Amino acid sequence: MDFQWTPEQQALRDQVRRLCAGFSDDYWHEQDVKHEFPETFYQAVAQGGWLGIAMPEEYGGAGLGVTEAALVLQEIAASGGCAAAASSVHMNIFGVNPLVAHGTPEQKAAQLPGIIHGRTKVAFGVTEPDVGLDTTHLKTRAVREGDRYRVNGRKIWISTAQEAHKILLLARTTPLEEVKRPTDGLSLFFTDLNREAIEIREILKCGRHAVDSNELFIDDLMVPVGDRIGEEGKGFKYILDGLNPERILIAAEAIGVGRVALQHATRYAKERVVFGRPIGQNQAIQHPLAQCWASLEAANLLTFKAAWLYDTGQPCGAEANAAKLLAADAGFAAADRAMQTLGGMGYAQEFHVERYWRESKMYRIAPITPELILSYIAERVLGLPKSY
Ligand SMILES: Cc1cc2nc3c(=O)[nH]c(=O)nc-3n(C[C@H](O)[C@H](O)[C@H](O)COP(=O)(O)OP(=O)(O)OC[C@H]3O[C@@H](n4cnc5c(N)ncnc54)[C@H](O)[C@@H]3O)c2cc1C
């Protein structure tokens, strides 16, 4: 067993940390207040070559694993950019995995270089308003008409749709009543986010204001057959393939947010003097912060164990899900405790911790909730009866 980063991984972390140091808490505060996509940051990450960290080398990527992608996203989140910073580059770094894994060489040659070099932004279109986590029941329909599909339906919570050029879209091609299993008959498309056929309405939300989330109203969107990823009807499987690495990356980000929150809280606890001593001298302040450190480290171990399992081609569903569960909890607990430690100033935007807190909460909801992860572990790991 080896718990050390390789010199290359350590160097990678240092380089990303240096890049992120050019984007202060004040920068992220401003993007948050203005609800403005962090384009300068996004372009800096692209220019540094980090968007292609886990992309195939033949299309301009670095061909590294989920471990390295997780390290990059963790450093980005831990810089104070939090979920906004990570979400602005997340889709380019790993979100298009179904295209990488199941796209044709022509599709990849046409699309991946733009994604790797930051010219193409992509939205991920799965969630629907009337369906929620029950993805196989999604209602968006794609009906084949010659060499095109006519797509109609609604999506919700689709991040970066205000900015994106492309969308990875999951839609039903065979009605639910006509398939053997509900997971069959869904197809995946990588296509233009055509604003003439898709109305995009931004959702006002709790945090991560720099990266938009939206409702999509899809009305007779014509998608060329050549934009379909893989076989018709296998889209759900293609999405599933990418879920474990996705959980790992989200876990790494959530820990990053927890770490920066803990750092701010610790600094404040050393400096803030009340009753004639630093507040950090009180055990009621110290112990919860120490607990946060321990929880973040434990979640981090499981996160990178899951990454190692994935990168070495081993099953990692249990670990990836558990890592996401624990990391999101630990990240939110650290941000919450940081806010408490700062007292009134924890509630002031000037100290940034309230932004960390708002953004860390997101990881407890998206892309998967703790309830569903616990159901997965109960069923798949413990062998208990399926509950939903
Ligand atoms: C900021 C943000 C960004 C997002 N970005 C994207 C995106 O880019 N693309 C995209 O496709 N989606 C995106 N999502 C959607 C996200 O993945 C979903 O919100 C999430 O999966 C939860 O689904 P839901 O909101 O429909 O919850 P619901 O399915 O409505 O569930 C509501 C609650 O009930 C619980 N619940 C439901 N069923 C059960 C059960 N059987 N047992 C126990 N508890 C249950 C859930 O855990 C949850 O707590 C985003 C969401 C947010 C908040």
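Only aspartates and glutamates eight or more places from LYS386 in sequence, or on another chain, were considered; those with a Cα closer than 15 Å are ASP134, GLU371.
Derived value for the chain: Kirkwood hydrodynamic radius 21.6 Å. Basis is the mean of 1/r over every pair of different alpha-carbon atoms.
Taking the convex hull of the Cα atoms, report for the stretch 336-388 its projected area averaged over all directions, in nm². So the mean shadow area of the Cα hull is 4.8 nm². Taken as Cα centroids, the stretch 54-96 and the stretch 236-292 sit 20 Å apart, rounded to the nearest whole angstrom. A Cβ-based charge dipole, computed about the Cα centre of the stretch 180-280 with Lys and Arg at +1 and Asp and Glu at -1, lands at about 1100 debye. When the accessible area of the chain is computed with all protein chains present and a 1.4 Å probe, what percentage of it is carbon and sulfur? Its accessible area is 53 percent carbon and sulfur atoms.
Largest accessible area first, the residues LEU382, LEU374, LEU325 order themselves as LEU382, LEU374, LEU325 under a 1.4 Å probe with ligands, DNA and RNA left out. Ordered by 1.4 Å accessible area with all protein chains kept, ARG201, ARG208 run largest first as ARG201, ARG208. Relative protection proxy for 104-117, 274-287, from highest mean packing down: 104-117, 274-287 (other beta-carbon atoms within 10 angstrom). For the cross-link pairs LYS108/LYS234; LYS139/LYS237; LYS180/LYS237, the C-alpha atoms of every pair lie within 25 Å. Across the options ASN194, PRO245, VAL257, the greatest Cα extent toward the positive end of the charge dipole of the stretch 193-270 (unit charges at beta carbon of Lys, Arg, Asp, Glu) belongs to VAL257. Can you bin the stretch 198-328 into rounded, prolate or oblate? Criterion: square roots of the alpha carbon gyration tensor eigenvalues sorted a ≥ b ≥ c, rounded for a/c under 1.5, prolate for a/b above b/c, oblate for the rest. Here the stretch 198-328 falls in the oblate category. Per residue, the stretch 50-127 exposes 27 Å² of accessible surface when a 1.4 Å probe is rolled over the protein heavy atoms with every protein chain present.
The packing ranking, built from the mean of other Cβ atoms within 10 Å per residue, places the peptides 168-175, 81-88, 293-300, 347-354 in the order 81-88, 168-175, 293-300, 347-354, highest first.
Ranking of THR140, THR183, THR312 by solvent-accessible surface, largest first: THR312, THR183, THR140 (1.4 Å probe, protein heavy atoms only, all chains present). Its relative contact order, with pairs defined as Cα atoms under 8 Å and 6+ residues apart, puts the stretch 280-388 at 23 percent.
Here the stretch 1-121 is treated with +1 on each Lys and Arg Cβ and -1 on each Asp and Glu Cβ, and its dipole about the Cα centre works out to around 200 debye.
The values are calculated or read from the model by the stated rules, or taken from the named source; none is laboratory data. Bear in mind that the values here come from a model prediction, so they are computed numbers and not experimental data. Here the Cβ is made from the backbone with ideal geometry for all residues, glycine too, and neighbour counts use every protein chain on show. What goes into the accessible areas is simple: the full protein's heavy atoms, side chains included, and nothing from ligands, DNA or RNA. Shrake-Rupley method; radii C 1.70, N 1.55, O 1.52, S 1.80 Å.
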